[in-house]
Structures are given as structure tokens and as C-alpha cells.
Amino acid sequence: MSDEILPAIAGEVLTDDADLDGAGKDWGDLVHARPRLVVRPASVTDVAVVLRFAVARGIPVAARGAGHSPYGQGQASGGIVLDMTSLPPRRTVTGDLVSVDAGARWRDVLDATLPHGLTPPALTDYLDVTVGGTLVIGGVGGAAHHHGMQTDTVAELEVVTGTGDVITCSRDDNRKLFDAMRGGLGQCGVITRATLRLTPAPARARRWKLFYDSLPAFLADQREVVRDGRFDYVEGQPLPVDGTWRYMLEAVAYYTPPASPDQEALLSSLSFLDAETLDTTYFDFLNRVADGEALLRAEGSWFHPHPWIDTFLPDSAVEQVVAETLAATGETELGALGLILLYPVRTDRLKTPLFKVPDGELAWLFSLLRTGSPIDPLHNARLIELNVDLHRKVRALGGKTYPSTAIPRSTADWRAHFGSSWPLLAEAKAQYSPTNLLNPGQGLRLVDDGA
């Protein structure tokens, strides 16, 4: 297969070793599946042409955005990788909606909306992942207890299906495809454009870091502030300190002067031991990871393997699972620069049919963002084994593992993950992409190419 036998497209077809090697690795740097071609589409037509070409020849295709997957989810061994960041940057704000190309990074979306005084209500902590990349898995962040996942903020999608058809879908039109694309692992098509709902953007963010020595007290305060919604953003972190664990609740109130947050009302009922306060512009808060990224790039560990795992725990099991996991986690298991996230979301805010969390009022994101070794693959394999052990433990307790996680998964695993929503995805996949060729790195196939 070469670019000479592809139908003519306006974009680029890349076959040199550097491009193929780059498309055969990702943020995780744990799975390396080299494609035969990288295509940089210049239009939705290019995407459709490539998919029709691939389907006719049984060639696997993966859509790639920022390459931030941890375990080969955006790779296609011996196939074609579509670099979606090459789509023309058309970003248009109309009323309380923004229409963007799927290869836009979330910071690009903010660049388009903030001059209009508007913002996406749900954002990931890291702004340099792409819109298309997060919408096929969920997109979680500290505002989820108010606004749900990023998939819950989508008004409309333009999709090239696995059969090469271009379809616009929404809650009102082509609903089956719309529901199958949001959180559906890219199994039914490739998102090329998204229309997203917006909310008024505040001017500033006041950020409190509240510290605890007690896990039960930390969990109790998180439950309180997420239930009553007093903060606009809530996340938490267990922090290793001198051989034990402290806990940090990160709580943020947005505001626009002359209004100002009432600190007494926000904090007086909470049982933290000490606190730090920082006041920044709204964008500087959203972009807070950028300085850390620059330091990690300069130091080198940004380029190390990242065997990450993100889970959602039921409220009834969170204290047990977290305590047991932390007791078995040290620098060897986490990495010197790894970190842990722990915070609840209100499940009544989650409306995406294929985004799965445990039953109950609250589901707790529990993430071990491990840093692996650049020279010891056996150590990295051990970290993946720890991820698999945690995944199985969480599943046995009624929890779920986030789709973008460094564990191997099979169709049976995905069937268990989606549960009662499995028929929605299986039927849509049979209709829109029946050949099992799209995004094979997810490990999901329909039996005998049928439903």
C-alpha cells in the first residue's frame, strides 16, 4: 500500500520512517504499533475518501489527535493513521454555541470563545488534548459535578462513518449515531466537527488548596461541597509526605469583579487543617498545567512511559479502595513525579448513554497517574499488572474504569463495561462500521463482524 494507489486527496500522505514511528507511539509509550501510512486530511472529504479506500481493502484505520492515549488506543498496526490535527482550523461562535474542527485543542476552543465572553462549561485539566479525542471517551474535569462530562456539552457532530458516509447527528437527527459517537471509542466513525454548548465566562478564579491528615474527613468535605455545589471546580489529591499520606482538596470559585467570593460562607463548615489561597485570571487557572508541562519537558520525564489508570468508584467503596491502594503505593509504584487524583462527581449530571459510572448519587474518580521507566520495560509491565489488579478490584465492587487507561481490554471486557448500554453501541457499530476496522487499538470487535 502506498500513496500512489490511494485516490487523490487534498491532504498529505506520509510514508517516511519518522512519521510512521511517531504515529506508532503515544503519550503512554507502552504500545508501539507502526502504521503503513499516515494521512493528514485537509477536509472531511479526504477523511471519507480514506475510509472508503480502507474498507474496500480491509485496512485498519485509527483517528489520532494529540496522541495523548496511554495504551495504543489511537494506533493502527500495518494500517492508516489519520492525523486529525491537520483539518483546517475553522472555529465559529454563534450565540451560545461554538463549532470547531475535531483536531482543535481545547485551548484553541478557548481562544475562539473567550473574546466573546463565553467558555465551554466542562474542561479537562490539560488543555492540549483535542476535541475529537476527548469526545469519543468522555472528557472529565473538576467541573463535572455541575456540567457532567465534555460529551454532555455537545450539541451536534459531523461524522464520517466507518463506511465513508458523512453524517451530521444530534439529539434530534440521527440520534443513534450521536449517542454511539459520544463515549463510543470511535467505533462507529470519525468525528470531523463538533458543535459545543457554551456558558458565560467569568473574569477570575479564586483557588483554595485545603489540606487534611484524615482520609475520612477529606472524603466527607468533598461530599459536602459537591452535593451543595458551592464551588465551581472541585478536585482532590492524596499527597505522599514523609512516608504517610496527606490529602488536598482543590476548590475554586469563579467570579467577575466587583463581585467576589464569600470565603467565610464557602469554607466555614469544612474541617481542613490548613489552607493556601491563590487568585488568578480565569484563563490562567484553566492553563495552570502549562508551567508544569514546561518543567517536565525540560527535565525529561514528560517523555517517559505513562502507565496511567483512571477509575470510578462507588461511594460505598471509596474509603476502602483508596486506603488499601495507598497502603500499597510508594514511589516505586507511582514514580517520583506521578500523582493521584480523587474527587466525586454527581451522577445525575451525566447524560451520555455510553459514559459509564457506578450506580449511586456520587461516583469517585480515582486516578493513579504513574510515571514509568524509560529504560526498564519489566518495571513498566509490573505497573500495568498493578493497573489490571486495580481494574478487577474496582469492577468487582461495582465500579468502572475510564476508557483511556493503560490496561489491555477485549470485547468481553467492553461488553461488561457498557453493560445495559452494550446493545446501543453494538447495533450502531453493525450499522455504521460493520467491518471492525476503525480504531482497533481499543480491542473491541463485533463477533463475526455482526451484532
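Every number here is computed from the coordinates shown, using simple stated rules; none is lab data. Everything numeric in this text was worked out from a predicted model, so none of it was measured. Note: ideal-geometry Cβ built from the backbone for every residue, glycine included; neighbour counts use all protein chains shown.
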Output for the range 375-451 (equivalent-ellipsoid semi-axes, sqrt of 5λ from the C-alpha gyration tensor, Å, descending) is 27, 17, 8
Expressed in angstrom and rounded, the centroid-to-centroid distance over alpha carbons for the range 96-163 and the range 338-401 is 22
Taking just the C-alpha trace of the range 92-200, give me its Rg and Dmax in Å.
12.9, 39
Pairing the Cα long axis of helix 318-327 with the longest principal axis of the chain, what angle in degrees results, from 0 to 90 and rounded to the nearest 10?
90
Ordered by packing density, taken as the mean number of other Cβ atoms within 10 Å over each peptide's residues, highest first, how do 72-85, 169-182 rank?
72-85, 169-182
Kindly flag which residue pairs out of Lys25/Lys356; Lys176/Lys393; Lys25/Lys400; Lys351/Lys429 have an alpha-carbon separation exceeding 29 Å in this structure.
Lys176/Lys393
Please give the net charge around Val345, taking every other residue with its beta carbon less than 13 angstrom from that of Val345, where Lys and Arg add +1 and Asp and Glu add -1.
+1
Sum of -39500 (n - 2.57) over DSSP H runs of 4+, divided by residues of the chain (222 nm, nearest 500)
-8500 deg cm²/dmol
How tilted is helix 44-57 with respect to the longest principal axis of the chain? Cα atoms for both, answer in degrees (0 to 90, nearest 10).
60
Under the √(5λ) rule applied to the eigenvalues of the Cα gyration tensor, what semi-axes describe the equivalent ellipsoid of the range 204-401? Give them in Å, descending.
28, 22, 16
Once Asp284 and Arg171 are pulled to full extension, the length gained, defined as 0.36 nm per residue separation minus their Cα-Cα distance, is 37.3 nm
Lys and Arg at +1, Asp and Glu at -1: neighbours of His116 with Cβ under 14 Å from its Cβ sum to 0
Only loop residues by DSSP count here, and only those with at most 16 other Cβ atoms within 10 Å; note down the trypsin sites (Lys or Arg not before Pro) in the range 310-379 that meet that.
Lys351
